[in-house]
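*Asks:* Pasting in a structure now, in structure tokens, and then I'll have a few things to ask.
The values are calculated or read from the model by the stated rules, or taken from the named source; none is laboratory data. These numbers were taken from a predicted model, which means no experiment stands behind them. Counting neighbours? That spans all protein chains shown, and the Cβs are built from the backbone with ideal geometry, glycine included. Only protein heavy atoms, including side chains, enter the accessible area calculation; ligands, DNA and RNA are left aside. Shrake-Rupley method; radii C 1.70, N 1.55, O 1.52, S 1.80 Å.
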Amino acid sequence: MVDKFVLGGKEFKSRFILGSGKFTLDLVKAAIEAGGAEIVTLALRRANLKGNESILDYIPKHATLLPNTSGARNADEALRIARLSRELGCGDLIKIEVIRDSRYLLPDNIETIRATELLTKDGFIALPYMYPDLEAARRMKEAGAAAIMPLGAPIGTNKGLLTRDFIKIIIDEIDLPIIVDAGIGRPSQACEAMEMGCSAVMANTAIATAGNIAQMATAFKLAIEAGRAAYLAGPGRVLEGMAEASSPLTGFLDAE
Amino acid sequence: MRVNGESLKLEVPCTLKAFLEKNGHMMDRVAVELNEKIIPKAEFSSIVLSDADKIEIVSFVGGG
């Protein structure tokens with residue numbers, strides 16, 4: 001059986017979602033290709049009057065665009081940004097990002113729940129970025145979320161799965177794809193998230209701030225595939241306070 | 001008029017399409033809000049701007 005990742009009714013082979021911020025445009029292309037990412041996030045901003053190079057020229061045509069609502073401080077602003085993004089012809093998928101805190105950039109779960117409801121009613125396939133709180137995730141699901149995107153650590157920190165236990169609770173309790181977004185800094189952390197049962201991992205800064213961007217994108221691709229395979233295989237049990245020999249306990253040399 | 005937060009004098013009325021072209025924007029790369037209302041691309045050539053208008057011209061950039 002082929003393992004496919006379904007998001008908003010579309011099927012994907014890759015479970016690596018690449019954020020396209022902090023890159024020069026040619027490196028975005030290299031990262032997408034090396035990482036095999038099929039979903040790429042984008043942001044919407046005022047158009048620059050000088051220089052007409054568009055990031056869209058550097059994203060392969062087969063990639064699915066996932067605009068975010070970054071810059072939104074409340075649900076109404078998120079809806080405005082989402083509608084403008086839709087005018088650019090990238091489809092109905094949208095990553096909801098509602099942030100009021102300017103130091104830690106932590107998402108406002110309450111406004112994000114409201115935004116999920118507003119955007120879903122407006123026809124969007126809403127993927128809310130959130131602080132991993134089970135009740136908030138439940139409400140986002142009730143509001144129509146197509147997936148939940150809990151943070152592993154504050155945006156751009158590369159600190160990894162600081163919230164792992166709470167993400168695990170959401171994986172266990174919410175019957176939607178769970179995509180870890182934000183904070184993942186190393187392939188090993190992406191792998192762990194996938195082993196836990198996440199449906200996909202999103203990474204941006206980890207790749208953009210790496211010494212060799214294409215090589216790190218490849219490393220993430222492999223780590224995400226390895227973690228997924230391990231999850232599907234079913235990780236072995238953990239023994240506490242004792243050991244269990246892997247080699248036979250019979251047939252030792254010199255045994256009488 | 002106000003364009004992306006900046007004041008601009010519109011000397012003669014022109015269509016939204018002509019205004020965007022004159023300023024070097026590619027039609028398929030921008031979305032436009034005119035007086036807080038999103039304008040579908042199909043209407044770019046029929047809408048005539050006036051100096052009292054407030055326009056937001058947006059496009060995609062890299063982002064997480």
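*Asks:* Summed for both chains, how many Å² of accessible area, to the nearest 100, are buried between A and B with a 1.4 Å probe?
*Replies:* 2400 Å²
*Asks:* A further question on this structure: Anything losing 10 Å² or more of accessible area from the isolated chain to the full protein assembly: pick those residues out of segment B:45-64, probe 1.4 Å, ligands and DNA/RNA ignored.
*Replies:* Hits at the 10 Å² cut-off: B:GLU56, B:ILE57, B:VAL58, B:SER59, B:PHE60, B:VAL61, B:GLY62, B:GLY63, B:GLY64.
*Asks:* If you don't mind, another one. Can you grab the distance from the C-alpha centre of segment B:1-30 to the C-alpha centre of segment A:90-162, Å, no decimals?
*Replies:* Comparing the Cα centres of segment B:1-30 and segment A:90-162, I get a distance of 34 Å.
*Asks:* How many Cβ atoms of partner chains, on average, are near each residue of B:19-28 if near means within 10 Å of its Cβ?
*Replies:* Average per residue, whole number: 2.
*Asks:* Further question on the same structure: Kindly flag which residue pairs out of A:LYS29/A:LYS95; B:LYS17/B:LYS54; B:LYS17/B:LYS37 have an alpha-carbon separation exceeding 18 Å in this structure.
*Replies:* Beyond 18 Å between Cα atoms: A:LYS29/A:LYS95.
*Asks:* Under a GNM of chain A (C-alpha, springs under 10 Å), which listed residue has the highest mean-square fluctuation: A:GLU240, A:GLU111, A:GLU142?
*Replies:* A:GLU240
*Asks:* Still on this structure, I have one more. Indicate the gyration tensor shape class of segment A:100-180 (rounded, prolate or oblate), computed on the Cα atoms with a ≥ b ≥ c the square roots of the eigenvalues: a/c under 1.5 is rounded; otherwise a/b larger than b/c is prolate and the rest oblate.
*Replies:* Taking the square roots of the gyration eigenvalues as a ≥ b ≥ c, segment A:100-180 is oblate.
*Asks:* What does the convex hull of the Cα atoms come to per residue for segment B:3-64, in Å³?
*Replies:* 99 Å³
*Asks:* For A:LYS221, which aspartates and glutamates qualify as cross-link partners when the Cα separation must be under 17 Å and same-chain residues fewer than eight apart are set aside?
*Replies:* Within the straight-line cut-off, A:LYS221 pairs with A:ASP3, A:GLU33, A:GLU38, A:ASP181, A:GLU192, A:GLU195.
*Asks:* Tell me which residues come under 5 Å, amide H to amide H, from A:LEU161 once H is placed; ignore anything under 5 positions away on its chain.
*Replies:* Amide H neighbours of A:LEU161, under 5 Å, 5+ apart: none.
*Asks:* Counting only DSSP beta bridges with both residues in the protein assembly as shown, what percent are antiparallel, rounded to the nearest 5?
*Replies:* Around 45 percent of the beta bridges assigned by DSSP in the protein assembly as shown are antiparallel ones.
*Asks:* Within the protein assembly as shown, what whole-number % of the accessible surface is contributed by carbon and sulfur, with the 1.4 Å probe and all protein chains included in the calculation?
*Replies:* Roughly 52 percent of what the probe reaches on the protein assembly as shown is carbon or sulfur.
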